[in-house]
Amino acid sequence: MEPVTLTTERLVLRPFRPSDAPAVHAACQDPDILRWTTVPAPYVRAHAEDFVRWTCPEGWRNDSTYNFALVTQSRGGKDREDGAGELIGAMGLVRLARLRGPERQAELGYWTVRKHRRRGYTGEAARAVAEWAFTALGVERLEWCTEAGNEASRAVAIAVGFRMEGTDRARIVREGTRRDAWRGALLPSDWGLPSTTPYLPAPAANPV
């Protein structure tokens, strides 16, 4: 797929560029990003260079991962055109192999630069990516998953509209140990959007 650029009221969501490597490297020194995401630890400059120069472009080329750099817009709107604003974070659609089959599923992942948290940026970007996924890609189930305990990521997902569906036991392997994961999902119908495949919800369970 050819990389795309999305815009919101305050952000430009564009493909990563080689010039983003210093900002990505700096962001990923944050202990919270190292703790809750899958980035390598310790995170060295070579990891950032590989991410922006190879991993992200290759993901778009082979339709395995669609990663966006979230950058600010200038007041004059120049950054809306050139995407040269300050890096706010990263967001991507992953596990896209399931998008090509009848499941029509993808998973949303993200991290936010520490100083830009609690300003609503990540939720704003997530809504734009989710809408694009539903309307342009035909996603019929967008999942969110994180290691149990990641309250900040969970708060963003809930604010966007994801419905928490439970805890998957031993889903994530981290540092040689299996850990539980929280999982949620967002459907097009949650936003009043259509799906190609009809959805038949299960009937409500009777009280025991």
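The values are calculated or read from the model by the stated rules, or taken from the named source; none is laboratory data. Treat the numbers as computed from the prediction; the structure is a model and nothing was measured. Cβ sites come from the backbone with ideal geometry, for glycine too, and all protein chains shown count toward neighbours. Protein only, heavy atoms only, side chains kept; ligands, DNA and RNA dropped before computing areas. Shrake-Rupley method; radii C 1.70, N 1.55, O 1.52, S 1.80 Å.
Around ALA21, under 10 Å between beta carbons, what's the net of Lys plus Arg minus Asp minus Glu among the other residues? Here the charged neighbours net out to 0.
Over the Cα atoms of the chain, the radius of gyration divided by the Kirkwood radius equals 0.97; this is the Rg/Rh ratio. Projecting label points 7 angstrom from Cα along Cα→Cβ for TRP54 and MET1 puts them 2.4 nm apart.
Ranked highest first by the average count of other Cβ atoms within 10 Å around their residues, in what order do 169-176, 138-145 fall? Mind dumping the intermediate values first?
Numbers: 169-176: 10.1, 138-145: 21.6.
In descending order of packing, they fall as 138-145, 169-176.
What the Cβ-Cβ distance of THR177 and GLU9 gives, at R0 = 45 Å and to the nearest 0.05, is a FRET efficiency of 0.65.
Charged neighbours of ARG45, selected by a Cβ distance under 13 Å, balance to -2 (K, R count +1; D, E count -1).
Taking Cα atoms, how many degrees apart are the long axis of helix 151-160 and the longest axis of the chain, rounded to 10 and kept between 0 and 90? It works out to around 70 degrees.
Per residue, the accessible area of the chain comes to 55 Å², computed with a 1.4 Å probe over protein heavy atoms only.
Report the net charge of residues surrounding PRO3, where surrounding means a beta-carbon distance below 12 angstrom and charges are Lys +1, Arg +1, Asp -1, Glu -1.
0
The calculated FRET efficiency for SER19 paired with LYS115, based on their beta-carbon distance and R0 = 30 Å, is about 0.90. Give me the distance between the Cα centres of the range 142-208 and the range 21-51, rounded to whole Å. Comparing the Cα centres of the range 142-208 and the range 21-51, I get a distance of 26 Å.
Rounded to the nearest percent, how much of the accessible area of the chain (1.4 Å probe, protein heavy atoms only) is carbon and sulfur? Of the solvent-accessible surface of the chain, carbon and sulfur hold 52 percent. Coupling constants for the range 6-23 follow from the phi torsions by the Karplus curve (6.51 cos²θ - 1.76 cosθ + 1.60, θ = phi - 60°), and in residue order they are 10, 10, 10, 4, 10, 10, 10, 10, 10, x, 5, 10, x, 5, 7, 4, x, 5 Hz; glycine and proline get x. How much FRET efficiency would the formula 1/(1 + (r/R0)^6) give for SER195 and ALA97, where r is the Cβ-Cβ distance and R0 is 22 Å, rounded to 0.05? Once the sixth-power term is evaluated, E becomes 0.70. For ARG141, nonlocal amide neighbours, meaning residues 5 or more places apart or on other chains whose placed amide H falls under 5 Å from its own, are ALA106.
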